[in-house]
Every structure is written in structure tokens, then in C-alpha cells.
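Have a look at the structure below, then the notes.
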Amino acid sequence: MWMLLPSTLAGKLLRAFRKPLSSLWDSLVPWVLWLRATLWLAKSDSARPLRAGRRRPQKCTGDNGEGPDQVIPISVNYHFTRQCNYKCGFCFHTAKTSFVLPLDEAKRGLRLMREAGMEKINFSGGEPFIQDRGNYLGELVRFCKEELRLSCVSIVSNGSLIQERWFKTYGEYLDILAISCDSFDEQVNVLIGRSQGKKNHVEKLQKLRVWCRDYRVGFKINSVINRFNVDEDMREQIKALNPVRWKVFQCLLIEGENTGENALREAQRFLISDEEFQGFLDRHKEVSCLVPESNKKMKDSYLILDEYMRFLNCKNGRKEPSKSILDVGVEEAIKFSGFDEKMFLKRGGKYLWSKADLHLDW
Ligand code: SF4
């Protein structure tokens, strides 16, 4: 309506109201200041720490259920089966049960992990391709990439059971395939137990390298350095295979798995000293993709879920399970994981792990 009034008339009206308006404003000033101060105090109060017993969850290290902060499971290793077709003498996740969760329950657990902050999943075993000829694993891989939209889905396998048809169906959902290989001398692989019948481990490794290139999956190699391969020179073979990462572990003892009472393996004869491990690393220092992992770095820096979806705490040199996340939820179970996030970061656990980010030269 003001717009419709002639400008002279509008000017007269404004002048008439200016005085009463300014005195009204003067009387309101103290009230406005009081209101502002009250609102500011309320806001700063909400920024204070929560009262004792209502901790704010943070991305930080947990400590056997007594730690002050909540662990966020960014990167998780799910060992959904303990069954394997190989018999490596130092294996520390042995076939103590044949239990595997129904597929729907495994997916429910993975969804819970996603809601708790998981960004990367690694499927491992046992041998993960042994269940339903790789289809169980394939469905989990597809589910994690397509439905949970994880930035990285990876697998650690001995490679012997993988067929090309698996890559055709599921390869597009997989970021990284890590194949365990401890020697390029087949006789050494047989001595270690990384073999089955007439299968040639090294030949299969080379075939898998080609399939990874053809189906655009990042190719990785894992090697366990032990008494039988500690003097080997693998530089040429590793460079020729050109993996995105070559993870080199020191043989590790875990009570109840590969040493001590009730263990299915006796790994003492495979052990090497820290100096011997360092000697192997020094010999291979020119291999740029080499990522070393000593026992110290390895022990508590992995979040491990077993076949029942229980976190395995290795702090005391054996695998002590939490309750299952399917029964008590992630937040409760993870308090008992023994996970050392500082060591996880120190060992380079967070790296460019999605194949979209790797910019691979296929
Ligand atoms: S390949 Fe060897 S180390 Fe891996 S799960 Fe099988 S027996 Fe154990």
C-alpha cells in the first residue's frame, strides 16, 4: 500500500512517526540486550561436555571396554569362514569350526557395521572362496559395494579356487584382491603348506594377475616371511607382477591357533627374529610397493570379526572373542576388540583404497 502513496505524502507520515518510534526503540533496548545475553548463555551451555556417564562418541582408541571413547570401525576384516583347502604351517586362523552365518545374517551384521562408520571391508578366512564356490563371497562383495556403498571392498585369498567366471559376475564390485604368496619357488610353497595336490601356486598367481588387469581389480600380494623363505630374493618377480601393494608380514604366533594347547598348528619352526625380518626388508628396499608389517605393528592394529561376527582381541597373544554384534550391537561389542587405532594409522592402515582413487595403469 505504501508503494501506492505519493512520495510527498509518505514523507510527511514518516516525519510524523519518527519521534514516537525512536522513543519506543529506546525503551526496548534493555530488553533486546537481555534477550541476546540469555540466548548466548543457552548456546554456550550446550557446547559444554556432557555430564559424566553420557560421553560424546569420538573417533579414538578403545581399551578392553574400559577406554574413555568410542571406536569407529573404519576398516574391518571379516573372517567369515575358517575352512581352507591349504595347510600352511603358520596359519593363525585355523579351521576350529565349520560355522558360516546365513547370508542374510551376514548382511545384517555388515549393515550394522556400516551404520557404525565402516568405510572399508576386507573378506578373509580361512579361504573365502571355499564357501558355495565363491558365490557366498561374491554376494557379500556386491552387497557391500552396491547397497552399503563402501569406498573399499577387498579380499585376501590363497587364490587357488578362483575362476574367471567369478570376475565376470562380481569383479566390478571388488576394489582389491590380495593373493597370499610366500615364495616363487614352488617347492618352498609345498614345504610351507601353501599348496594342494598338483595345483601350482605360482602359476595361478600369474593367471590371477592377468584377470585382475582384465576385470579392473587392484592386485595385491601378501607374503609371510618365515624360516623357509627368509633368504629368498623376490625383487624381480614382484616387479614383474607390479602389484598395487606388496604386504610383507613377519610370521606371528597366536596362542590356541598356531601355538600352545588346543592349537591346530605348531608354528615355532617357522619363526624368524626381528633382525632376520629386517634383513629381508633391506634386501627388497628398492621395491617401491613393499609395505612391511612387523609382529608389533600387526598384533593389535586390525579390527577382526570372526565367523560369528564377534570381535577378536589379540592383546594377550591369543584371540579372545567379544559378544556378537548381531546380539549386542557394534558399540557394545567393539569395546572388547582391543583395537589400537594409533598403531592402525602408524602402519598405514588408511591409504588410497578405492580403485577409483588408485588411478591404476591397467
Ligand atoms: S591359505 Fe594358509 S594361511 Fe591362509 S587360511 Fe589357508 S591355511 Fe591358513
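Quick look at the numbers
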| quantity | calculated |
| --- | --- |
| Selection status of VAL188, of a type outside the set (Asp, Glu), assigned to a helix (DSSP H, G or I) and either modelled with pLDDT of 95 or more or touching a Leu at 6+ places or on another chain (Cβ under 8 Å) (or both) | yes |
| Positions within the stretch 141-158 being among the hydrophobic types (A, V, I, L, M, F, W, C) and crowded, with 20+ Cβ neighbours inside 10 Å, in sequence order | VAL141, CYS144, LEU150, CYS152, VAL153, ILE155, VAL156 |
| Index of the failed condition, ARG114 passing every other in (1) within 15 Å of the ligand (Cβ to nearest atom); (2) in contact (Cβ under 8 Å) with a residue 24 or more places away in the chain | (1) |
| Test: VAL141 is away from the ligand (no atom under 16 Å from the Cβ) and under 14 Å from ASN77 (Cα atoms) | yes |
| Count of the stretch 164-182 residues which are within 13 Å of the ligand (Cβ to nearest atom) and in a loop (DSSP other than H, G, I, E, B) | 2 |
| Identity of the residue in the stretch 198-216, open to solvent by 40 Å² or more (accessible area, probe 1.4 Å) and over 17 Å from TRP166 (Cα atoms), that ends up modelled with the lowest pLDDT | LYS198 |
| Members of the stretch 258-299 that are within 18 Å of ASP182 (Cβ to Cβ), part of a loop (DSSP other than H, G, I, E, B) and of a type outside the set (Lys, Arg) | ASN258, GLU266, ALA267, LEU271, ILE272, SER273, HIS284, VAL287, CYS289, SER294 |
| Residue that is most open to solvent (accessible area, probe 1.4 Å) [pool: residues in the stretch 245-268 that are at pLDDT below 90 and among the charged types (D, E, K, R)] | GLU261 |
| Test set (1) within 16 Å of the ligand (Cβ to nearest atom); (2) buried (at least 22 other Cβ atoms within 10 Å of the Cβ); (3) not hydroxyl-bearing (Ser, Thr, Tyr) - LEU161 fails condition number | (2) |
| Some residue of the stretch 99-106 being within 16 Å of the ligand (Cβ to nearest atom), outside any helix (DSSP H, G or I) and not basic (Lys, Arg) | yes |
| Output for the stretch 90-140, where each listed residue is surrounded by 17 or more Cβ atoms within 10 Å (Cβ to Cβ) and under 14 Å from the mean Cα position of the chain (by Cα) | LEU110, MET113, ARG114, ALA116, MET118, GLU119, LYS120, ILE121, ASN122, PHE123, SER124 |
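The values are calculated or read from the model by the stated rules, or taken from the named source; none is laboratory data. Values in this document were obtained by computation on a predicted structure and should not be read as measured data. Methodologically, a virtual Cβ is constructed for each residue, glycine included, from the backbone with ideal geometry; neighbour enumeration extends over all protein chains shown. When the accessible area is computed, the model is the full protein with side chains, heavy atoms only, and any ligands, DNA or RNA have been set aside. Shrake-Rupley method; radii C 1.70, N 1.55, O 1.52, S 1.80 Å.
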